[in-house]
Amino acid sequence: MLPGEIRLTDVTVAYDRHPAVHHVSGRFAPGSLTAILGPNGAGKSTLLKAIVGQLPVAAGSIERGPLRARDIAFLPQQSSLDRGFPISVLELVLLGHWQRAGAFGRIGRQGIEAARAALSAVGLEGFEQRPLGTLSIGQAQRALFARVLVQDARVILLDEPFNALDARTIADLLALLRRWHAERRTVIAVLHDFELVRQNFPDAVYLARRLIAWGHIEDVLTPENQLAARQMSESWDEDAPLCAIDDHGDDHHHHDHAA
């Protein structure tokens, strides 16, 4: 496998003991910029967490090749950020160095300067000593993007990075995604705004618990695929049990067939 490549083979993932993602196969090419799309409850965030290694795979495999943990930066949904935590903006961004320096490693002057430069790049110059809790939603998301910048990872995974943000902040953060893409990093983002994706993402994965389509954006966002996703989502059985998976990775269809 090439550095930055991620390959999924017949991946099934469960969440809270219920089927969430079924039998997904595909490849994120090194340096690709890909959106993961689908209706609410489609398993988009679940799939992203499985790719980063936060959720186990119930069946199939996710291959990351030579990627190590520090080669992957993950930005979860903003709701996971405790903005009441007593930490400054600079300290938050410095956490991006932890993957390389370790919790007790020395960051040093160069690391601090990198964090200051990252804050400047996201439009937060002069915010270094501000408490995290005093930031607006948009400012907090800019700070989290600065933390990703500092991490300098080969693969960047973003879960709904533009939720509840103003148009100016979205435009500025999209510019960062384009910068990462130009630097040949692999960028994968869970999103719900189809028009934003159509204008800014070359590739997409269309998910409705099962894979609808994976490929170039014009081949994925078609009326036929949108109809198929809607029909699938309307027939989901939210109380379906987890697939029973045997030693050969075959699932016995105790779950809903359309999910």
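The values are calculated or read from the model by the stated rules, or taken from the named source; none is laboratory data. Small disclaimer: the values here were computed from a predicted structure and weren't measured. Cβ placement follows ideal geometry from the backbone for every residue including glycine, while neighbour counts extend to all protein chains displayed.
Note on region 9-27: residues that are closer than 17 Å to residue 204 by Cβ, touching a Ser or Thr at 6+ places or on another chain (Cβ under 6 Å) and surrounded by fewer than 23 Cβ atoms within 10 Å (Cβ to Cβ) amount to 1.
So, residue 208, is that one in contact with a Ser or Thr (Cβ under 6 Å, 6 or more places away or on another chain) and modelled with pLDDT of 95 or more or not? Please lay out each step first, then the result.
Numbers: in contact with a Ser or Thr (Cβ under 6 Å, 6 or more places away or on another chain): yes; modelled with pLDDT of 95 or more: yes.
Spelling it out, residue 208 is indeed in contact with a Ser or Thr (Cβ under 6 Å, 6 or more places away or on another chain) and modelled with pLDDT of 95 or more.
If you check 130, 147, 142 for being modelled with pLDDT of 95 or more, touching a helix residue (DSSP H, G or I) at 6+ places or on another chain (Cβ under 6 Å), among the basic types (Lys, Arg) and crowded, with 22+ Cβ neighbours inside 10 Å, only one passes: 147.
Do we find that residue 142 is of a type outside the set (A, V, I, L, M), touching an Asp or Glu at 6+ places or on another chain (Cβ under 9 Å), closer than 27 Å to residue 49 by Cα and in contact (Cβ under 8 Å) with a residue 60 or more places away in the chain in this structure? Explain how you work it out, then say what you get.
On the way: of a type outside the set (A, V, I, L, M): yes; touching an Asp or Glu at 6+ places or on another chain (Cβ under 9 Å): yes; closer than 27 Å to residue 49 by Cα: yes; in contact (Cβ under 8 Å) with a residue 60 or more places away in the chain: no.
In short, no.
Being out of contact with any Asp or Glu (no Cβ under 6 Å at 6 or more places or on another chain), in contact (Cβ under 8 Å) with a residue 12 or more places away in the chain, within 22 Å of residue 140 (Cβ to Cβ) and not in a helix (DSSP H, G or I) is a property that residue 4 lacks.
Of all residues in region 102-127 being in a loop (DSSP other than H, G, I, E, B) and over 15 Å from residue 89 (Cβ atoms), which is modelled with the highest pLDDT? Before the answer, list the steps.
First, pick out the residues of region 102-127 that are in a loop (DSSP other than H, G, I, E, B): 102-107, 122-127.
Those still in the list that are over 15 Å from residue 89 (Cβ atoms) too: 102-107.
Details: 102: 55, 103: 48, 104: 46, 105: 54, 106: 64, 107: 73.
Here the answer is 107.
Of all the listed residues (212, 188), the sole one being in contact (Cβ under 8 Å) with a residue 24 or more places away in the chain and under 25 Å from residue 148 (Cα atoms) is 188. Could you please tell me which pairs satisfy a Cβ distance under 8 Å, a separation of 6+ or placement on different chains, a first residue in region 217-237 that is without any contact (Cβ under 8 Å) to a residue 12 or more places away in the chain, and a second residue that is outside any helix (DSSP H, G or I)? Pairs that qualify, where the first residue is without any contact (Cβ under 8 Å) to a residue 12 or more places away in the chain and the partner is outside any helix (DSSP H, G or I), are 219/213; 222/213.
Among the residues of region 44-87, count how many are among the acidic types (Asp, Glu) and over 22 Å from residue 160 (Cβ atoms).
Within region 44-87, the subset among the acidic types (Asp, Glu) is 63, 71, 82.
Filter again for over 22 Å from residue 160 (Cβ atoms), leaving 63, 71.
Total satisfying the criteria: 2.
Of the residues making up region 166-175, those that are surrounded by fewer than 20 Cβ atoms within 10 Å (Cβ to Cβ), among the hydrophobic types (A, V, I, L, M, F, W, C) and in contact (Cβ under 8 Å) with a residue 24 or more places away in the chain are 170, 174.
Picking from residues in region 128-168 that are acidic (Asp, Glu), touching a Leu at 6+ places or on another chain (Cβ under 9 Å) and in a loop (DSSP other than H, G, I, E, B), the one that is farthest from residue 45 (Cα to Cα) is 128.
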